[in-house]
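Some notes on the structure that comes next.
The values are calculated or read from the model by the stated rules, or taken from the named source; none is laboratory data. The structure displayed is predicted, hence computed values, not measured ones. Virtual Cβ from ideal backbone geometry, glycine too; neighbours counted across all protein chains shown. Only protein heavy atoms, including side chains, enter the accessible area calculation; ligands, DNA and RNA are left aside. Shrake-Rupley method; radii C 1.70, N 1.55, O 1.52, S 1.80 Å.
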Amino acid sequence: MAFGAFSNVDAPVVDAPRRRSRAALWLLLPGVVYLGATYLAPLVSLIVTSLKAPDLVNYDIGRYLYAFDIGNYATVLGEYWPIILRSFEYAAIATVAALLISYPLAYFIGVVLRRYPLWQALALILVIAPFFMSFLLRTLAWKAIFADEGPVVGFLQHLNVLGANAHLNGTPFMVIFGLTYNFIPFMALPIYTSLERLDLRLLEAGADLYANPASTFFRVTLPLSLPGVVSGTLLTFIPATGDYVNASPQFLGSTQTTMIGNVISDTYFNLSDYPSSAALSIVLMVLILIPVGIYLSLTKTEDLL
Amino acid sequence: MSGLAEGAVLGRLEEAPRPLKRPRARRGNWGVAFYSIVILVLLLIPIGYTIVFSFNIPARTNVSWRGFSLDNWSTLLSDPRVVAAFGSSILVGVVATLVAAALGTAIAIALVRFRFRFRTGLTLLLFLPMATPEVVLGSGLGSQFLNIGVDKGIATTIIAHIMFCISFVVITVRARVASLDPAIEEAGRDLYATPGQVWWRITFPLLLPGIVAAALLSFALSFDDFIITAFVSGNFETFPKYIYTAAVRAIPAQANVFASIIFLLAIVVVLASQFSAAARRRKLAREG
Amino acid sequence: MAGALDDSGADLELVGITKRFPGFTAIENLNLTIPAGSFFALLGPSGCGKTTTLRLVAGLETPTAGRILIGGKDVTDSKPHQRPVNTVFQSYALFPHMTVLRNVAFGLYRRGVSNPLGLAHEALRLVELDHLAGRRPAQLSGGQQQRVALARAIVNKPALLLLDEPLGALDLKLRRQMQLELKSIQDDVGLTFLHVTHDQEEAMTMADTVAVMNRGEIEQMGAPEELYELPKTAFVANFLGQSNLFTGNVVSSTATSIVVDIAGTKLEVPRDRAQRHSGVVTIGVRPEKLTLLTEKPASASGVNVLGPGTVTDVSFSGVSTQYLVEVPGVGTITVFAQNMVFGPVVNRGSEVWVSWTVDHGFGLADEQGVSPRFDPDDGPGEV
């Protein structure tokens, strides 16, 4: 899977039979137990928490009793379904935007730059460079650049694209912009990996058979880079739906752009409404599992990691 | 954000790719080249902004440029809260990386070299944390700590960080293990090395590049993590957490300085590793 | 920890060895003794179990049943690092992160032998690679890596040296050269060599004793000439070189020979060269033992004749020419004729007879083609 495509895929794989041994147990046990306790158990915890009810006897903020209150889900869905919708909408737009922006970039690095390995390595470093700086600071930088008093707004107002009192920060546009920006490397790199292995002779054959370069692209290049596109899409869409930094008012959003992540966080921290927060988390998880599940059913397990 | 495979590419850069064929220069390629340069510049704008503003003349807020000054850099350690947050992130990163590297390497070796049941289940268990939104991971662990009655702090933070790093370590190291000829370890055993000696003198040194790449990746993921940390750290403040809360009012320029230092260090490390790999290749080509 | 013997190698005994993997049995009840100081070849096709046998002796696999004795000592339960055995692997398996010198000295260091580097240099001199002692394996050619692997094993003076198809990756010329070198090294150092290969020419050139292995069993064992001139099973007859095999009924016998009816012609085979003396038997003769005649020869005692037949193919291959002769009722007979003159002796379409000395024929213990002994070669690799 292209999650693994991030790692060193150029090393040749040595085909060797596996042995059966007790050693495997000792090697696997610590990690498996750890993940079971820190990933699986919390999921169960979330479900349990989502079903809790307020302690009406010793009522206090944040106090809940174990219960089986499925009504929590109904409440939470009823109240927040527009936000859920909005989150998926923002994430989808950001994913598509990231795809459209990243694909040519990946093509450039993976195909055009093959001639110049040194430049190729440099370009790759530039693509991943953002990872080396805190994404919070980067988002704040955008906030400053797009501030009402800033250069961009001023420039656009000068061109009469924006009105005198218009602002960019706090708009859905800004949130989606922030999301897209953050995820360009996640989209570009898997696509790059796919394209980098593309045998260019196939493109030449296409050029011979279909004189039209556009045709060659759609019928040869694009289908062959599809695994990378799928991975990049998953790697972008899943975190984007749950993001709450971009959408929060301190950063690029406003109270109008709340996403599901913001709600989960707010209900958890500000309201101590753990059941609602947990219920929303479960809802988000379930919704995410739909595309993930489709992906899993189409991929062999060996290729997953 | 601090998303799924942030920095996983550090492993990717271990070996520069071998070209299959060189494309002829075409007019279309120039268009793509120009476009890509524009995009790359855009990608780096916020980074440049952050670094530039670390050189701003200090004042209460750091949003408008007043002039060039090295004051922030020289008074780097003056704001105790920033320093503490930065140090905390480093500490959490180092500890979480060490543990995740150990657990993950063990799993990677088992995955490649051994036959066992429940392989599918294990693969799923390793895959799912990467496909789960961070709010879910964070609120889940947060709820769990709450239900058990554990106080949140540095320990819970480290526990959480180890969790989301393991899968990435496994992916990175696994590729490296798979590229190792098992006959090499058998040769070690054949040549009178005990299992312990085989591990320390043969396997571990050969896996080391993969483990280092995994460790760098793990550290990057941990250092930059905000969302999960927010849910599990209680009052313990990491660097991203500090930035988030400080963003309401104003972020002291020292934060910019710290971030710039990490960035420049990382760039230097990556460039150095690329150059040394290239130099090694040239040396081998010359002598061999 | 292993105390390598200082003398010239030791006996290897495999007693009742069985090895089962999930899904199939690689070796069933194998018994084998290899005398000390000999160059022994284990020969067989892919999947016959020869590599498994090697790994069992090295300790890299444990037998499902049976015992392994080296120099009389039972090592079945010993780990590889406790056995006085060293292996030259098919992929050489040199340690990529160590220099050539360190590679060769590795075993010596583990055993705490004094002057490890000095001994390593000596071993490298033996394979004429001392000048490359400071290089890394990646900087060496295939042939050089193979010699380093050899030096790395030999320097430990093991009781038994195992070679797992070590010459497979080398080109023809280099392979021939290495075959001679290995043989001479074994003569010099006097170790017991167990060489596993599928190349029958290699086995016959280098080994004192060859064991032909098929499907987990040893079909025949002996000196190369013996195996070649007197194969006992159809597999050996076909695996070592080529054979012309004929199946028919034994119609009569004398004190010294049996007579078999092949499509009307009576062919004689010496009794002591036939494994079975009655019923339906398969007999054979090697193609190079046949003489091509353009006229029907007069019958003589001690000579078998088949024919007339038609030459259907003539293939020139430098030293010899291969003729295919179609004899009605019998089948296709292959004849190798040394090119004593220029050009083929007969042309396609000619009518010919083939003859051979009775003493050159042999009789097999089984019938050809009864049970296909080769598994189709679609497995993941050597067993």
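Taking just the alpha-carbon atoms of the stretch B:121-229, what radius of gyration and Dmax come out, in angstrom?
Final numbers for Rg and Dmax: 18.0, 54 Å.
Leaving out ligands and nucleic acids, note down the accessible area per residue over the protein assembly as shown with a 1.4 angstrom probe, in whole Å². Could you put the intermediate results ahead of the total?
Working: 41590 Å² over 976 residues.
Result: 43 Å² per residue.
Cross-link candidates for residue A:52: which lysines have Cα within less than 27 Å, leaving aside residues fewer than 8 places away along the same chain?
Here the lysines satisfying the reach criterion relative to residue A:52 are B:152.
In the protein assembly as shown, if the dipole is taken from +1 on Lys/Arg beta carbons and -1 on Asp/Glu beta carbons about the Cα centre, which of A:28, A:144, C:212 is farthest to the positive end?
My answer, from the dipole projection, is A:144.
Which whole DSSP H helices in chain A pass both tests: a Cα extent of 30 Å or more along the axis and a mean Kyte-Doolittle value no lower than 1.0?
Within chain A the helices that satisfy the rule are A:172-196, A:274-298.
Output the peptides C:252-259, C:232-239 sorted from most to least packed, where packing is the average of other Cβ atoms within 10 Å over each peptide's residues. Provide the component values of the computation, followed by the final result.
Values: C:252-259: 13.9, C:232-239: 23.2.
Ranking the peptides C:252-259, C:232-239 by packing returns C:232-239, C:252-259.
Report, ordered by chain and residue number, the lysines lying within cross-link reach of residue C:157, taken as a straight Cα distance under 30 Å and ignoring same-chain residues fewer than 8 apart.
Within the straight-line cut-off, residue C:157 pairs with C:19, C:50, C:73, C:79, C:173, C:183.
Can you give the log10 of the normalised intensity I(q)/I(0) at q = 0.10 Å⁻¹, computed with Debye over equal Cα scatterers of the protein assembly as shown?
-1.16
HN-Hα J couplings of the stretch B:130-136 from phi, Karplus 6.51/-1.76/1.60, θ = phi - 60°, integer Hz, Gly and Pro as x?
Rounded to whole hertz, the list is 6, 9, 9, x, 5, 4, 5.
Heads up, I need the accessible area for residue B:130: 1.4 angstrom probe, whole protein in place, Å², nearest 10.
Roll a 1.4 Å probe over it and residue B:130 shows about 0 Å².
Any chance you could look up the accessible area of residue B:65 with a 1.4 Å probe, heavy atoms only, rounded to 10 Å²?
Approximately 120 Å² for this residue.
Once both labels are modelled 7 Å past Cα along the beta-carbon direction, what's the residue B:272-residue C:125 spacing in nm?
Reported label-point gap for residue B:272 and residue C:125 is 4.3 nm.
Please compute, for peptide A:240-252, the average count of beta-carbon atoms on other protein chains lying within 10 Å of each residue's beta-carbon. Could you put the intermediate results ahead of the total?
Working: counts 3, 2, 11, 7, 6, 8, 1, 0, 2, 2, 7, 2, 0.
Mean inter-chain Cβ contacts per residue within 10 Å come to 4.
Of the heavy-atom accessible surface of the stretch B:168-210 (probe 1.4 angstrom), what whole percent is carbon and sulfur? Intermediate results must be reported in sequence, preceding the final value.
Numbers: 830 of 1330 Å².
Its accessible area is 62 percent carbon and sulfur atoms.
When every alpha-carbon pair in the stretch C:1-142 is counted, what percent end up more than 19 Å apart?
Values: 6006 of 10011 pairs.
Summing the P(r) tail past 19 Å for the stretch C:1-142 gives 60 percent.
Taking 22 Å as R0, compute the FRET efficiency from the Cβ-Cβ separation of residue A:44 and residue A:299 and round it to 0.05.
Working: r = 26 Å, r/R0 = 1.18.
Using R0 = 22 Å, I get an efficiency of 0.25.
Can you pull out the buried accessible area for chains A and B, both sides counted, probe 1.4 Å, rounded to the nearest 100 Å²?
Numbers: alone 18760 and 18120 Å², together 26260 Å².
Chains A and B together bury roughly 10600 Å² of accessible area.
How do C:357, C:209, B:172 rank by accessible surface area computed with a 1.4 Å probe, from largest to smallest? Working shown, then result.
Numbers: C:357 60, C:209 30, B:172 10 Å².
Descending order: C:357, C:209, B:172.
Taking the Cα centre of the stretch A:67-147 as origin, sum charge times position over the Cβ atoms of Lys and Arg (+1) and Asp and Glu (-1), and report the length of that vector in debye to the nearest 20.
Numbers: 5 positive and 3 negative charges, 113 e Å.
Here the stretch A:67-147 has a charge dipole of around 540 debye.
Of C:47, C:126, B:91, which is farthest along the charge dipole of the protein assembly as shown in the positive direction, counting Lys and Arg as +1 and Asp and Glu as -1 at C-beta?
Sorting the options by dipole projection puts first B:91.
Given charges of +1 on the Cβ of Lys and Arg and -1 on the Cβ of Asp and Glu, with all other atoms neutral, how large is the dipole of the stretch C:169-288 about its Cα centre, in debye to the nearest 20?
Numbers: 11 positive and 17 negative charges, 92 e Å.
Dipole about the Cα centre, nearest 20: 440 debye.
In percent, what relative contact order does the stretch C:1-132 have, based on Cα pairs under 8 Å that are 6 or more apart in sequence?
On the way: 165 pairs, mean separation 30.5, N = 132.
The value is 23 percent.
Only sites in a loop by DSSP and with at most 15 other Cβ atoms within 10 Å count here; which trypsin sites (Lys or Arg not before Pro) in the stretch B:91-192 make the cut?
Details: sites: B:113, B:115, B:117, B:119, B:152, B:174, B:176, B:189; in loops: B:117, B:152.
The qualifying sites are B:117.
Could you work out [θ]222 nm for chain A from helices alone, using -39500 (n - 2.57) per DSSP H run of at least four and dividing by all its residues? Round to the nearest 500 deg cm²/dmol.
Values: 14 runs with 194 residues, N = 305.
Only helices count here, giving -20500 deg cm²/dmol.
Go ahead and collect, in residue order, the members of the stretch B:216-257 whose backbone nitrogen is under 14 Å from a label point 7 Å along the Cα-Cβ direction of residue A:149.
B:250
Treating the Cα atoms of the stretch B:218-264 as identical point scatterers in vacuum, please give the log10 of the normalised Debye intensity I(q)/I(0) at q = 0.21, 0.31, 0.32 Å⁻¹, two decimals.
Values returned for q = 0.21, 0.31, 0.32 Å⁻¹ are -0.78, -1.20, -1.21.
Just to verify a number: FRET efficiency for residue C:278 and residue B:199, C-beta to C-beta distance, R0 = 60 Å, to 0.05?
Once rounded, the FRET efficiency stands at 0.45.
What does the charge count around residue B:81 come to, taking other residues whose C-beta lies under 13 Å from its C-beta (Lys +1, Arg +1, Asp -1, Glu -1)? All intermediate terms of the calculation are to be shown ahead of the outcome.
Working: positive: B:241, B:249; negative: B:79, B:237.
Combined, the nearby Lys, Arg, Asp and Glu give 0.
Note down the nm distance, to one decimal, between modelled labels 7 Å out along Cα→Cβ at residue B:91 and at residue A:116.
Distance between label points: 4.7 nm.
Suppose accessible area is computed on protein heavy atoms with a 1.4 Å probe; arrange C:164, C:74 from highest to lowest.
Numbers: C:164 15, C:74 70 Å².
Ranked from most to least accessible, the order is C:74, C:164.
Rounded to a whole number, what % of the accessible area of the stretch A:103-214 do carbon and sulfur atoms account for, probe 1.4 Å?
Carbon and sulfur atoms account for 65 percent of the accessible area of the stretch A:103-214.
Computed on alpha carbon atoms, what radius of gyration and Dmax characterise chain A, expressed in Å?
Rg then Dmax for chain A, in Å: 23.6, 80.
Once phi is turned into ³J(HN,Hα) by the Karplus curve 6.51 cos²θ - 1.76 cosθ + 1.60 with θ = phi - 60°, what whole-Hz value does each residue of the stretch C:83-98 show in order, with x for glycine and proline?
Computed from phi, the couplings for the stretch C:83-98 are 9, x, 10, 10, 10, 9, 7, 4, 9, 6, 6, 6, 6, x, 8, 10 Hz.
In debye, nearest 20, what is the charge dipole magnitude of chain C about its Cα centre with +1 on Lys and Arg Cβ and -1 on Asp and Glu Cβ, if you could check? Walk me through the numbers before you get to the answer.
Working: 32 positive and 41 negative charges, 205 e Å.
I would put it at about 980 debye.
Give the carbon-plus-sulfur fraction of the accessible surface of the stretch C:228-310 in %, rounded to a whole number; probe 1.4 Å, heavy atoms of protein chains only.
Working: 1780 of 3680 Å².
Taking all protein chains in place, the stretch C:228-310 shows 48 percent carbon and sulfur surface.
What FRET efficiency, computed as 1/(1 + (r/R0)^6) with R0 = 56 Å and r the Cβ-Cβ distance, is obtained for residue C:254 and residue B:117, rounded to the nearest 0.05?
Values: r = 66 Å, r/R0 = 1.17.
So the FRET efficiency works out to roughly 0.30.
Just to be sure I understand the model, the point goes 7 Å from the Cα along the line to the Cβ. What's the resulting residue B:264 to residue A:218 distance in nm?
It works out to 5.0 nm between the two label points.
Out of C:21, C:150, C:292, whose Cα points farthest toward the positive end of the dipole of chain C (charges: +1 Lys, Arg; -1 Asp, Glu; placed on Cβ)?
The one lying farthest along the dipole's positive direction is C:150.
Over chain A, what is the mean sequence separation of C-alpha contacts under 8 Å (at least six apart), divided by residue count, expressed as relative contact order in percent?
On the way: 328 pairs, mean separation 84.6, N = 305.
Rounded, it is 28 percent for chain A.
Can you tell me the relative contact order of the stretch B:15-163? Whole percent, Cα pairs under 8 Å, sequence separation 6 or more. Each step should come with its number before you reach the end.
Working: 53 pairs, mean separation 27.1, N = 149.
For the stretch B:15-163, the relative contact order is 18 percent.
Rounded to the nearest 500, what is the 222 nm mean residue ellipticity of chain B from helices alone, with -39500 (n - 2.57) per DSSP H run of 4+ residues and division by all residues? Let's see the in-between values first.
Details: 12 runs with 200 residues, N = 288.
One gets -23000 deg cm²/dmol as the mean residue ellipticity at 222 nm.
What does the convex hull of the alpha-carbon atoms of chain C project to on average, in nm²?
On the way: hull surface 88.9 nm².
Averaging across all directions leaves 22.2 nm² for the Cα convex hull.
Which order do you get for A:101, A:191, B:158 if you rank them by accessible area with a 1.4 Å probe, largest at the top? Walk me through the intermediate numbers first.
On the way: A:101 50, A:191 0, B:158 25 Å².
I get A:101, B:158, A:191, largest accessible area first.
Assuming 0.36 nm per residue, please report the length gained on full extension of the stretch residue C:367 to residue C:316 beyond their Cα-Cα distance.
On the way: separation 51, 0.36 × 51 = 18.36 nm, distance 3.10 nm.
Gain on extension, residue C:367 to residue C:316, equals 15.3 nm.
Across the stretch C:302-308, in residue order, what do the Karplus-derived ³J(HN,Hα) couplings come to in whole Hz, using 6.51 cos²θ - 1.76 cosθ + 1.60 with θ = phi - 60° and x for Gly and Pro?
x, 10, 9, 10, 10, x, x
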